[in-house]
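> Structure incoming, see below.
Here, each number is a calculation from the coordinates, and none is a lab measurement. Predicted model only: the values in this text are computed from it and were never measured. So basically every Cβ, Gly included, is an ideal-geometry build from the backbone, and we count neighbours across all protein chains shown.
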Amino acid sequence: MRLLLFIISTIFISQIANSQNKLDVIKLKWKQKKYDEVISLGTPFRETLQGKAIPALDYMILSSICVTSTPRSVPCTEIQGILKDYYIGLSNSDYKLMESGFEQICQQNSEPNFAISDKLPLRQYAHPQRISTTTSKFKTYFLISEGLKKNGVFQKINYNEVRNIVETLAVEKDSLQRLNDKLIDTYIKRRIAKNDASKIKKAVSTFGPNSKYWTSENFLVITSKNNKINPKVVCLNMENVLSFFRNTYDLSITEDYITIYLVQDYKNVRNNIQRLYSTKLSFNPLGFSNFYDNSMVGWLYDDAMVGTLKHELIHLLIRSRFNFIPEWFEEGLASLYEESRFDASDNLLGKENWRGILLKETPLNYKLSDLFANKDVNFDTKELKSLKDEYKKEIKQMSYRDQNLSWIYKDHYQELDEVLNIFLSNRVALYKDALSRYFLLYLQDKGKLKKMYQALIQRDRSVINIGHYQTLEFVILTVCEKTSMNDLQGDFSNWLNNL
C-alpha cells in the first residue's frame, strides 16, 4: 500500500515538474526571440492546462502573435480588448504588469519586455479568495433569520450560544494575497491520498488532540469529538452534492481526499483558518477553501444543512475547468448552491435566500453590466441614511419571529447604526455577491445556466485564438437571447420583482 501511495504521489509531482519543464522551454524560445516556436509550442501546451492558467505563458504567446503580425496593429487592437474583458480576474499587480507589457509592444512598437515573463506568475494560477466586506455580526442577523424560516434550526441553540455568534468583530477585509511558490509547494505536499493512514493521522492530530474523523469515497471530514455534527452524515451529503457537480459541470476530481475541517464553535473558524493556512484574517467567515491542498474549513449548525460546504466545494472544483473564470460567475455559482435542494429528479436547484432581501431593499443604481465589468459603487450620505433606515425596519420586523431573536435584537439594537455604516459603506461587495447569485438563479429558472457555463468555457479556451475571441458581453447576450444589456436588465428586474 505504501508503495502504491508513493507511486501516486510521485506521478502527481512529476506532472507538475513536467509542466514546469515545458514552460521553461517556451520561455527560453521567447527570450531567444523565436516567436513562431513560442506560438507553436505554447498554444497546444495551454490546451492541456484546463483550469490551470499561467499568466506568463499567455503573455508570451500573445506578445509573440503581436510581433510576428503585419500590421501589428490588428492583433494589438484585439488584445487590448481581451486584456480589459478577460484578464480582469488577475490580481491588480499582475494586470498592470501585463498591461504595461502590451503597451510597450503595441504603442511603442518595440520588442517584448522579457523581464515581464519573470515577474508574472509562472505557476498555475488561482484567484485569491475574495471575502465579502461586511461584518459577520450583521450577516448573522440574516443567517439566523434564514435558519428560523427553515425548520427552526436556531431554536435548538440556547440563547448564550447564539449571543456568542453575534460578537463584535472588526471590518472584514480582503487580506488574502497571492501565495509564494514555497508555500504553494507546502500545500500541494499536504494533500492526502486516499487510504494514506499516516497522513490522515497527521491531519487529525494537526486539527487537535481531541478529534475524530470519517472518510467516504472522496471526502475526509475531521472535527472535534464533542461536536454534535455527525461527520458520517456530512460525508454522505457531500458525496451526493459532488456527484451532481461532477455530472452537471464535468468537473475533475483529484485522486486525493477533499479534506473538510469542521469547527465546533463559530468563533474559532478564523483561528483555525489562520492556524491551518498561515493566513491573517480580521473577520470570522463561515467557511474557507484552499485550492492547493484540496481542503476547506467550515462551521455548520446542522449536519444536514451543508450550504457553506457546497459553496466552498464549487470554489475548489471550478478551477479544474477554467483558466480565468469571471469572478461574478464563480461567486454566483458557489452562492447559488449554498441554499439549494435536490428535486425529485436528483437535480440540485438553488433556492431564494437572504441575498434576495438585500437586492430588493438596496435600491442601488448598479446594473448587471456593472457587475460584469467588475465595477465598484459608493454611497452618498443621503442614500446611506435612507438604506440604513430600511434595514433597521427589516431587522426589527424579523426579530418578532422568535423569542431568542427578539432578545438578540434588544441587546444589539444600539449597535445597528455602526454596523450598518460598515456594511453599507464597504463598496457593496455583499450586494455584488447577491447580484451574482440571483443572476445565476435567473439563468437556472430560464433553463440557461448550463449553457452559460459551457459558453464561458469555450470563451476561456479561445482567448489566444486571435480573430475568434468572443467578448463577455457577446457571450452573455447570446446565451440569454437578448439584443442589448438594457434588454437583459429589464427582463432580469421583472423576474426579480416577481419573486
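> Please compare each pair in 267/388; 448/482; 27/119; 360/385; 119/182; 267/396 to a cut-off of 20 Å on the Cα-Cα distance and tell me which ones are over it. Present the calculation step by step, with values, prior to reporting the outcome.
Values: 267/388 27 Å; 448/482 12 Å; 27/119 12 Å; 360/385 17 Å; 119/182 16 Å; 267/396 25 Å.
From 267/388; 448/482; 27/119; 360/385; 119/182; 267/396, over 20 Å: 267/388; 267/396.
> Working out 0.36 nm times the residue gap between residue 253 and residue 484, then minus their Cα-Cα distance, what length gain in nm do you get to one decimal?
79.4 nm
> Size of the dipole of region 264-391 about the Cα centre, Lys and Arg at +1 and Asp and Glu at -1 on the beta carbon, nothing else charged, in debye to 20? Don't skip to the answer; put the middle values down first.
Numbers: 16 positive and 20 negative charges, 72 e Å.
Using Cβ point charges on Lys, Arg, Asp and Glu, region 264-391 gives about 340 debye.
> Any chance you could check the Cα centroid distance between region 247-266 and region 436-494 for me, in angstrom?
What the calculation gives is 28 Å, centre to centre.
> When the chain is fully extended, how far beyond the present Cα-Cα distance does residue 473 get from residue 446, taking 0.36 nm per residue of separation? Walk me through the intermediate numbers first.
Numbers: separation 27, 0.36 × 27 = 9.72 nm, distance 1.83 nm.
The span from residue 473 to residue 446 would gain 7.9 nm if fully extended.
> OK, next. When only DSSP loop residues count, what chymotrypsin sites (Phe, Trp or Tyr not before Pro) in region 274-335 have their Cβ near at most 11 other Cβ atoms within 10 Å?
Values: sites: 277, 283, 288, 291, 292, 299, 301, 322, 324, 328, 329; in loops: 283, 291, 292, 299, 301, 322, 324.
Hits after loop and neighbour filter: nothing returned.
> Something else: Can you figure out the FRET efficiency of residue 274 with residue 343, using R₀ = 45 Å and their beta-carbon distance, to the nearest 0.05? Don't skip to the answer; put the middle values down first.
Values: r = 39 Å, r/R0 = 0.86.
About 0.70, to the nearest 0.05.
> Mind grabbing the base-10 log of I(q)/I(0) for region 221-316 at q = 0.13, 0.16, 0.25 Å⁻¹? Debye formula, identical points on the C-alpha positions, no solvent, two decimal places.
Evaluating at q = 0.13, 0.16, 0.25 Å⁻¹ gives log10 I(q)/I(0) of -0.42, -0.64, -1.44.
> Let me ask another. Once amide H atoms are built 1.01 Å from N in the peptide plane, which residues 5 or more positions from residue 219, or in another chain, come under 5 Å H to H?
Amide H neighbours of residue 219, under 5 Å, 5+ apart: 258.
> Amide H neighbours of residue 340 under 5 Å, counting only residues 5+ apart in sequence or on other chains, H built in-plane at 1.01 Å?
Residues meeting the criterion, in which the H sits 1.01 Å from N, are 351.
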